[in-house]
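Scroll down for the structure; my scribbles are underneath it.
The values are calculated or read from the model by the stated rules, or taken from the named source; none is laboratory data. The structure presented is a predicted model; accordingly, all values stated were derived computationally and were not measured. Note that each Cβ is placed from the backbone with ideal geometry, even for glycine, and that neighbours are counted across all protein chains shown. Each accessible area value is taken on the protein alone, full model and side chains, heavy atoms only, with ligands, DNA and RNA left out. Shrake-Rupley method; radii C 1.70, N 1.55, O 1.52, S 1.80 Å.
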Amino acid sequence: MSTVGPGRRPPREEVRRALLDAAAQVFARQGVDGASVGDVAAAAGFTKGAVYSNFGSKDDLVAALVEDRVSAYLELGLAAVSDTDASLGEKARALGDRLTRAADEQRDWQLLFLELWQRAVRSGAVDGAFVDRRRELHAAVTDAVTAHLDQAGAEPPLPPAELATLLMALSNGLALERQIDPAGVPDDLFGRVLALVVGDRSAS
């Protein structure tokens, strides 16, 4: 809900942020097709005009939301492995632990991710905002994996692109499992698995 006071015109970026946050919640709980622009606007405390003036259409809002969440996911992951003094295994554990906490903090996004994935698979679409952003994320994760392996002078157990695929699949899969059975996915499981993947046997 917007916290804008009477008589104060909120900055455009503040309105945009509020609408994106509201859209993540509304779309996750009602479904993209089931929710209206009006539902999102009401949840954010604005009129439908605010949505259209910032995003143009419902499809553009969905695309912007995907871009926002994917960018945030990438920035979060890069920050988690930014300690240049940490070993490769330590970075792997730090990354897994941080992404696990992020999944707990952003449960609505996990639900929305699953819906967007289903829509893409059912439609057979090979393009579109969701698929395009996933490809961009995969490329960025591949580059990051390559850089950290090179920095550590480590021989990759798999090609960096395949490691990126594995990382993304584990992140999504464990997040979904944790929503259903939190006790079955310990807080440090993702980090321990990633550490084992990069050859840190102390994580077992």
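So here's what we get for this one:
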item: Segment 177-197, subset open to solvent by 50 Å² or more (accessible area, probe 1.4 Å) and either in a helix (DSSP H, G or I) or in contact with a Gly (Cβ under 9 Å, 6 or more places away or on another chain) (or both), residue farthest from LEU112 (Cα to Cα); result: LEU196
item: Of all residues in segment 118-136 being in a helix (DSSP H, G or I) and touching a Lys or Arg at 6+ places or on another chain (Cβ under 9 Å), the one that is most open to solvent (accessible area, probe 1.4 Å); result: ARG133
item: Test: residue in segment 73-91 that is basic (Lys, Arg), under 30 Å from VAL198 (Cα atoms), at pLDDT 90 or above and surrounded by 20 or more Cβ atoms within 10 Å (Cβ to Cβ); result: yes
item: Exclusive hit being under 11 Å from the mean Cα position of the chain (by Cα), farther than 17 Å from ASP59 by Cα and either part of a helix (DSSP H, G or I) or of a type in the set (S, T, N, Q) (or both), set ALA103, ALA139, ALA144; result: ALA103
item: Single match in THR142, THR100 (criterion: in contact with a helix residue (DSSP H, G or I) (Cβ under 8 Å, 6 or more places away or on another chain), over 22 Å from ARG201 (Cβ atoms), crowded, with 17+ Cβ neighbours inside 10 Å and at pLDDT 95 or above); result: THR142
item: Hits in segment 8-47 - residues which are of a type in the set (S, T, N, Q) and either part of a loop (DSSP other than H, G, I, E, B) or open to solvent by less than 20 Å² (accessible area, probe 1.4 Å) (or both); result: SER36, THR47
item: Residue list for segment 50-69, filter: in contact with a helix residue (DSSP H, G or I) (Cβ under 8 Å, 6 or more places away or on another chain) and closer than 11 Å to VAL15 by Cβ; result: ALA50, VAL51, ASN54, PHE55
